[in-house]
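> Quick one: structure below, then a few questions.
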């Protein structure tokens, strides 16, 4: 058993995935540092202590290590001590249950307490996206969207009206995402409604996420130039919000599929630099929040497609699985975990381990909570790799049939 801290294990794993010796790691740190570092002998002793978990890098070295590895500080070292437990805080702020909120909505006036309750409800629904069955989330999301938009006909102040528009926009984003997960044709109309609500409320982040949804739709349909156009449109309206990080990630994924390594890495670095400057998110489960582990997810996808980087793709997939799994084995991020397993399957297939590749790919298809367009896209990439390696292998034939059945069901 490896009893080192996760950050110590990752520092070494990332170095080895790049094929770097410890002296080469020192050289890479120097290249990214803005000031002179201690002597090579001193740095080597420091790195050995880091990798053994004996000393944790300080405030200067943590971001430097992350930058050298092309990720963000919190992805390796986690949140800083003292972060709020926002989920508990949100529940305490509401101070009311669903029945009371609905009762308040039926009154003639809209007060601040009601809006507080609605904010918490919308945050709760967005936080249930990773694991709640889509049919349940879709029903509840649509119900609350009707309730909230119904308030627009009430007498409200200007600030309350804008708040209601923004809450409606956020819920429309969520409903549109769940619709697309389930291959519901209403998803594009819902996305457009969210874009309009974002524009009318002045909530640029909502507009940015509506453009991000268009980028996602285009990616899963193979329209990679459309991904880039949508991402650039979103970045133009919300350049400083966390959605810009995900937009950069979508651009990187598109460039990777177009085979342009340089543009892929430029997009990843732009997203990394912005995310490094943003505060650590309060609620990691919220679907419209970009957390450091999600950046590892983008990078994993890109390195899987850049076939010369299999070791890095495997390393990032392992990190995605670690971050997306609770200590008791429960899956915190089942959809990210599924794509991480597909990545491990692709790497195994390229290494000639067909049985392992099929096992990983099959397990990715088993989860109850899945985004069908995204999962089918990456699963097809695994299928193509398997066919290129051993099309007649019985396990490959079985996997292709399983994937075909999922497409028919979708």
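The values are calculated or read from the model by the stated rules, or taken from the named source; none is laboratory data. The structure displayed is predicted, hence computed values, not measured ones. Please note: Cβ atoms are built from the backbone with ideal geometry, for glycine as well, and neighbour counts cover all protein chains shown.
> Looking at residue 190 and the list (1) more than 18 Å from the chain's Cα centre (by Cα); (2) within 29 Å of residue 280 (Cβ to Cβ); (3) surrounded by 23 or more Cβ atoms within 10 Å (Cβ to Cβ), which single condition is not satisfied?
So residue 190 meets the others, but not (2).
> Could you give every pair whose Cβ atoms fall below 6 Å, whose first residue belongs to region 61-75 and is over 16 Å from residue 319 (Cβ atoms), and whose second residue is not in a helix (DSSP H, G or I), counting only separations of at least 6 or pairs across chains?
Pairs found: 64/33.
Here is a yes/no grid of residues against (1) closer than 30 Å to residue 240 by Cβ; (2) not in a helix (DSSP H, G or I):
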site	(1), (2)
271	yes, no
286	yes, yes
290	yes, yes
297	yes, no
301	yes, no
315	no, no
327	no, yes
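> Only one residue in 378, 397 is touching a helix residue (DSSP H, G or I) at 6+ places or on another chain (Cβ under 6 Å) and assigned to a helix (DSSP H, G or I). Which one?
Exactly one residue qualifies, and that residue is 378.
> Considering only helices (runs of 4 or more DSSP H) fully contained in region 1-86, which possess at least 1 residues that are modelled with pLDDT of 90 or more, closer than 28 Å to residue 266 by Cβ and not assigned by TED's automatic domain parsing to the domain that holds residue 262?
Because the criterion is at least 1 residues that are modelled with pLDDT of 90 or more, closer than 28 Å to residue 266 by Cβ and not assigned by TED's automatic domain parsing to the domain that holds residue 262, the helices (runs of 4 or more DSSP H) in region 1-86 that meet it are 6-17, 22-32, 61-68, 73-77.
> Filter region 8-29 for residues that are in contact with a helix residue (DSSP H, G or I) (Cβ under 8 Å, 6 or more places away or on another chain) and more than 27 Å from residue 320 (Cβ to Cβ) and give the result.
Correct list: 23, 26.
> Does region 263-272 contain any residue that is closer than 26 Å to residue 221 by Cβ and within 15 Å of the chain's Cα centre (by Cα)?
yes
> Also, I was wondering about something else. Just wondering, is there one or more residues in region 164-180 that are surrounded by fewer than 20 Cβ atoms within 10 Å (Cβ to Cβ) and either free of Cβ contacts under 8 Å to residues at least 12 places away in the same chain or under 30 Å from residue 377 (Cβ atoms) (or both)?
For region 164-180, residues surrounded by fewer than 20 Cβ atoms within 10 Å (Cβ to Cβ) and either free of Cβ contacts under 8 Å to residues at least 12 places away in the same chain or under 30 Å from residue 377 (Cβ atoms) (or both): absent.
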